[in-house]
Amino acid sequence: MLEVDQVTKAYPSPTGPVSVLRSIDLRLAPGGRATVMGPSGSGKSTLLAILGALDEPTSGRVRLDGIDPFAGTPAERAAFRNQRIGFVFQEHHLLDGCTALDNVVLPALASGRVSAAIEARGRALLDRVGLSARAGHFPGELSGGERQRVAVARALLLEPRLLLADEPTGQLDAHAAGAIADLLVDLAAEVNGMLVVVTHADAIAARVGGIRRLVEGRLVEERGT
Ligand SMILES: Nc1ncnc2c1ncn2[C@@H]1O[C@H](COP(=O)(O)OP(=O)(O)O)[C@@H](O)[C@H]1O
Ligand SMILES: [Mg+2]
């Protein structure tokens with residue numbers, strides 16, 4: 001369960017704090033999905049960073065399965081992110097010097113959990129995203145869509161409770177974008193995880209569902225999605 005209550009975020013500026021998120025409320029049950037839309041600069045990435053415990057809210061509360069990631073120490077917050085959050089960004093953020101498989105198992109490396117079982121899960125995920133033949137390839141040898149599929153596999157490695165994707169298809173053509181959206185939805189469902197996707201694309205939004213728009217720092221739900 002994801003519970004977001006009255007979250008605000010303001011950034012300091014020379015002319016005083018600039019309010020980006022004014023009051024965000026969001027509830028997702030296990031397996032639940034949300035799409036966040038809104039113009040550039042409306043605070044979508046800011047919101048996702050807070051949901052993923054990358055950035056602290058100015059006020060308000062976030063809980064994932066009852067845990068407030070901002071209540072603990074920085075080390076506890078890092079462990080929370082590693083174990084419970086999967087992130088897919090517009091830029092895939094793969095390590096160029098590592099193979100596709102090594103990139104996928106990277107989250108386990110961070111928590112010292114690389115094992116034969118983890119490597120097997122990495123291979124299974126690469127297979128699941130249609131890249132088993134590319135396991136030993138480097139990011140520079142893959143297409144944009146393939147790199148993003150590796151990034152999706154990596155985000156799923158540790159079976160996150162919450163999968164966050166910030167414009168994950170922004171640099172892909174419609175066909176590759178649709179494949180990424182399908183993978184995000186299907187793979188999140190396979191671990192009964194929650195999924196929040198930021199996108200400008202109506203086709204992606206329709207696939208993910210639960211459409212909300214960021215309007216003046218608040219999330220406005222669209223009916224019937
Ligand atoms: N670290 C930061 N410091 C100051 N302002 C920021 C920072 N990050 C984002 N902003 C501002 O917050 C607003 C929302 O940014 P962002 O969340 O990236 O929007 P979106 O993802 O919807 O395009 C923008 O006006 C941006 O300039
Ligand atoms: Mg953004």
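Annotations for the structure displayed:
- Answer from Ala177, Ala110, Ala135, Ala189 - the residue that is at pLDDT below 95, more than 16 Å from ligand 2 (Cβ to nearest atom) and in contact with a Gly (Cβ under 9 Å, 6 or more places away or on another chain): Ala177
- Test: Lys9 is surrounded by 15 or more Cβ atoms within 10 Å (Cβ to Cβ), near ligand 1 (Cβ under 9 Å from one of its atoms), of a type in the set (D, E, K, R) and within 17 Å of the chain's Cα centre (by Cα): no
- Count - residues of segment 30-50 that are part of a loop (DSSP other than H, G, I, E, B), surrounded by 15 or more Cβ atoms within 10 Å (Cβ to Cβ) and within 16 Å of ligand 1 (Cβ to nearest atom): 3
- Scan of segment 51-75 for residues that are among the hydroxyl-bearing types (Ser, Thr, Tyr) and either under 18 Å from the mean Cα position of the chain (by Cα) or assigned to a strand (DSSP E or B) (or both), ordered by number: Ser59
- Residue match in segment 8-21 (condition: over 16 Å from Val197 (Cβ atoms), of a type outside the set (Ser, Thr, Tyr), touching a residue at least 60 places away in the same chain (Cβ under 8 Å) and within 16 Å of ligand 2 (Cβ to nearest atom)): yes
- Of the set (1) loosely packed, with under 15 Cβ neighbours inside 10 Å; (2) part of a loop (DSSP other than H, G, I, E, B), all apply to Arg27 but (2).
- Any hit, segment 57-77, residues being more than 13 Å from ligand 1 (Cβ to nearest atom), within 25 Å of Leu183 (Cα to Cα) and free of Cβ contacts under 8 Å to residues at least 40 places away in the same chain: no
- A single entry from Arg212, Arg128, Arg154 fulfils the requirement of being at pLDDT 95 or above and either more than 16 Å from ligand 1 (Cβ to nearest atom) or of a type in the set (Val, Ile, Thr) (or both): Arg154.
The values are calculated or read from the model by the stated rules, or taken from the named source; none is laboratory data. Computed from a predicted model, the values in this text were never measured in an experiment. Every residue, glycine among them, receives a Cβ derived from its backbone with ideal geometry; neighbour counts consider all protein chains shown.
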